[in-house]
Each structure stands twice: as C-alpha cells, then as structure tokens.
4 protein chains.
Amino acid sequence: MKSANLEKLSPAIEQFMKDRDWDQFHSIKNLVMALSVECAELVELFQWTPEEESNQLQSDPKKLDRVRDEVADITIYLIRILQKTGINLEKAVADKMRQNAEKYPIAQAKGSSKKYDEHE
Amino acid sequence: MKSANLEKLSPAIEQFMKDRDWDQFHSIKNLVMALSVECAELVELFQWTPEEESNQLQSDPKKLDRVRDEVADITIYLIRILQKTGINLEKAVADKMRQNAEKYPIAQAKGSSKKYDEHE
Amino acid sequence: MKSANLEKLSPAIEQFMKDRDWDQFHSIKNLVMALSVECAELVELFQWTPEEESNQLQSDPKKLDRVRDEVADITIYLIRILQKTGINLEKAVADKMRQNAEKYPIAQAKGSSKKYDEHE
Amino acid sequence: MKSANLEKLSPAIEQFMKDRDWDQFHSIKNLVMALSVECAELVELFQWTPEEESNQLQSDPKKLDRVRDEVADITIYLIRILQKTGINLEKAVADKMRQNAEKYPIAQAKGSSKKYDEHE
C-alpha cells in the first residue's frame, strides 16, 4: 500500500476547519452524516458498473481520478471523526481484526461470503 | 490525533483476507458497497441522538466502544480499497485539500455551511 | 398524507426504462445501490442543518423543492425494486408494523429512542 | 406491480408513533438519517451477491423475506417524511420523470448508463 499515514494529514485539516470557523458545524452527528454522503458519492461511481469492470480502473484514468477524489473526501471526514472522538485508530482496527478472526475462523469462513451468524 | 498509520495495518488485513480466500468477493464495486454499509452502521448510532449529546461520547463509554468498532470496520474497507486501487492516500488528500481551499476561500466560507456553488 | 399511490406511478416508470433499454443495468444489486445513493443525496441536504431548522422546510421553498426532488428519486428506485421483486408493499409494511408492535410494546417504548435490544 | 398505496398505510404508522410518543425524535434530519440506514441494510443483503444472482430472489425465499423486511422499513420512514413535509408524492414523481425525460432523451440515452452530464 502507498503512503497512508493519517497522522501526517491531520494538522492541515484541523487548520483548514479552524480558518473557516467550521468547527461549529462539526458535531459527531453531522460528521457521520457527511461521511456517509461521501461514501455514497463513491458508490455512485460504480452503481451501473459490472463487477469485473470495476476492477479495471487502471485502464480508465478519468474514473480513477474521481475515485481518488471521493476516497480523499471520505478520509477527510474520517480524520475529523478521529480528531473529535480521540479514538486510537491503529488500536481500534487491531482489536477489530482480532474479533473478526474469532467470528470467522479460517476453517469455517474459507471461500464463503456468509455472515458469521449464518454459518450452521 | 492518536496513532493512525494505515500502512501499518495493511499487511495484517491483506493476510486475513488471503487466509479466507475472500479476494474473490472483493471487487471494487463490492468493497464500496461494504464501505457504505459500515458507514451506515455508524450513522445508526447517532440517528436519534441530539447533536450536542453526540459530542459527549467521553461520558458514554459503551457507546464510544461501538463507535470505535464501526470506525474500525470503515477503515478496514477503506484499506482494502486502497490496496486494490493503488491510490496514494496522502497525495490524494493533499490534492483535495488544495481544491477545497480554492472552492472555499476563507473570506467567503468563514462561518458558513453553504456548499461552494450556493455562494452568491 | 397527500396522494401517494405507487401503483399509479409504476407504468410510466416501466415505460421510461424500456424506451431507454435500461433494464439491462437494473439488476436488484444495482438498484439497491442506486436507491442508497439517492437517499444520501437527501441526507446531504440536512447534514449541516440543525434539527429544529430541518422541521421548518415550509419557510424555505427552495430547499423544500430539492427535498421533493430527492424524495422522488428515492421513490422511483423503490418502485423499480418492487417491479423486479414482485413484493406486495402494503402487505410487507403491515407485517413489519405488526413485528414492530411486538418488539416495541407501548409500555416499554413510550418516549424512548432505545433500540429494542437495548431495553433492560 | 402489486398493491402499493402508501396513503392506506399512513394512518396506522402515524398512530404507532403517537402511541409511543416518538414524534419528538422524528425531526426531518433524523428521519432522513434513519431512511439511509434502512437503505444500507438492504444494500448489505447484496454486497457480496453477484449481479445475476441478485435477480434470482424467487429461488431464495429466505433472502426474499429479508429484502421484504428492509423494503418495508424504508417505506415506513419514507411515509414519515411525507407526513412531515406534506410533499405530494405522485406529483413529485411525475415532475421528476418529466425532468428525466428531458435530461435523458431516448435517442441519446438508449442503452447507455452514462450520467446526463457525461454525454458528449
């Protein structure tokens, strides 16, 4: 994976919001709404795209650029949520992956897209 | 912001998916759907919460834990999308922030939640 | 509630799609994606709006028009999903309301926004 | 399309909410959030489903039941939004279809999933 250290991005985003006095709009409730809207803008790019074609972004640089833009927007709001909640993201993800490993043991989950509570 | 380097998290997630042979389900189309579903699970935690209360997660550790869980799920799918698209996230966000600075000049945007195309 | 009989709207929508040969894009998977995207466009209109202000659409006719547009888009995809799945919507909602009445007995649920599984 | 007259469903839903004193939580802002969450629960049912398989719900009655449930939830919140906004849904959809017919003339749109602003 290419460079993706959110900590490096955090100060510039905080400053941007401060400069515009936007903190007043950034309640957690509003930020999660905004995050979900940005996700939907990413979904929109693929709603009529066949699955296989969705994997060939390299051959459609214009679309890849739009995906890049939406992924950036999502990340900006994710960072805002981290700033506001004080969540330690590395620890949160590591904890979740441990839970996932228990819910989806390899022997049972291998090659299956079933949800853990659908396994017999 | 606390530790949030996605690059550190990436290899364990890749291995987890490989162990379960889940790559076959992870087309970009499906991953963006899954990402949006996880975002909605975060929204669900705040749909009936007054804005002010949403900012007081520190006094509701049980809810903060659920927020942490959903933020982790969102991040896991975001990382999957980065792995599949090869997007350089730091560069993508820096580019987007530059665009945002142009769309929302301080003088005009200060204290306003209007979308850039709604400014007169 | 004002006139809202989806059956009346259904034939014109079916014809519109047929005229454009869009049936090929309208798998259930794609239609639920499109529906969620339209919902997010409705959410976007309220992401920075205080709760109380969101209830005063009558005094903001321009915004009410945009809400109307998004609600229409949502309904169009909902109708497409009904056309494709053959679901009897009146029966489905009546059944769901019966389930909800069991999950949320008045004595317990009155004045509480807790999810049914959070009640002690 | 099977019976889908939302007006018939409206009074029972209004009464249900009144009995539980839930009107206080149902600002438009909160209702659009709840609607988007229900849409995502519908998306979740199809996130790993191949497109073709998503069209064969008739051969998976258990899944069809879950789809039915989610479609009902979406409709309940849609009805709440109609009750609160006073939107005339039949007129709103008819107006939108007229706009769509202009944005997507048959000659240009036939067989194409491009967004209207992507046509050359």
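Every number here is computed from the coordinates shown, using simple stated rules; none is lab data. Here the structure is a predicted model, which is why all the values come from computation and not from measurement. Here the Cβ is made from the backbone with ideal geometry for all residues, glycine too, and neighbour counts use every protein chain on show.
Here the Karplus curve 6.51 cos²θ - 1.76 cosθ + 1.60, taken at θ = phi - 60°, turns the phi angles of the range A:48-57 into couplings of 10, 8, x, 3, 4, 4, 4, 8, 10, 4 Hz, with x standing for Gly and Pro.
Over chain C, what relative contact order in percent results from Cα pairs under 8 Å that are six or more residues apart? Can you show the working numbers first?
Numbers: 40 pairs, mean separation 35.0, N = 120.
After rounding, I find 29 percent.
One compactness figure for chain A is 1.32, namely its Cα radius of gyration divided by 2.2 N^0.38 Å.
Summing charges over neighbours of D:Met17, with a neighbour being any other residue whose Cβ is under 13 Å away from its Cβ, gives +1 when K and R count +1 and D and E count -1. Just checking the listed ones, A:Ser36, A:Ser27, A:Ser59: in the Gaussian network model of chain A with Cα springs under 10 Å, the one fluctuating most is A:Ser59. Computed from phi, the 3J(HN,Hα) profile of the range A:93-103 under the Karplus parametrisation 6.51, -1.76, 1.60 (θ = phi - 60°) reads 5, 4, 4, 5, 5, 5, 4, 4, 5, 6, 6 Hz, with x in place of Gly and Pro. Label-point distances for A:Lys62 to the equivalent site in the other copies, using a point 7 angstrom along Cα→C-beta, read 3.1, 4.5, 5.3 nm when ranked shortest first.
For the range A:7-22, the Karplus equation 6.51 cos²θ - 1.76 cosθ + 1.60, evaluated at θ = phi - 60°, returns couplings of 4, 5, 7, 4, x, 5, 5, 4, 5, 4, 5, 5, 4, 9, 6, 8 Hz by residue, with Gly and Pro reported as x. Chain C residue nearest the rotation axis toward A, with distance: C:Ala40, 2 (Cβ to axis, whole Å). The three principal axes of the C-alpha atoms in the range B:1-65 carry coordinate ranges of 42, 26, 18 Å, sorted with the longest axis first.
Of the candidates D:Met17, D:Met33, D:Met97, which one comes out as most mobile in a Gaussian network treatment of chain D with C-alpha springs shorter than 10 Å? Sorting by GNM fluctuation, first place goes to D:Met97.
For the protein assembly as shown, the spread of Cα coordinates along the three principal axes comes to 54, 52, 44 Å, biggest extent given first.
With label points defined 7 Å past Cα in the direction of Cβ, position D:Asn88 shows copy-to-copy spacings of 3.1, 5.6, 6.0 nm, given to one decimal and shortest first. The local environment of D:Phe46, defined by Cβ-Cβ distances under 13 Å, has a net charge of -2 under the rule Lys, Arg +1 and Asp, Glu -1.
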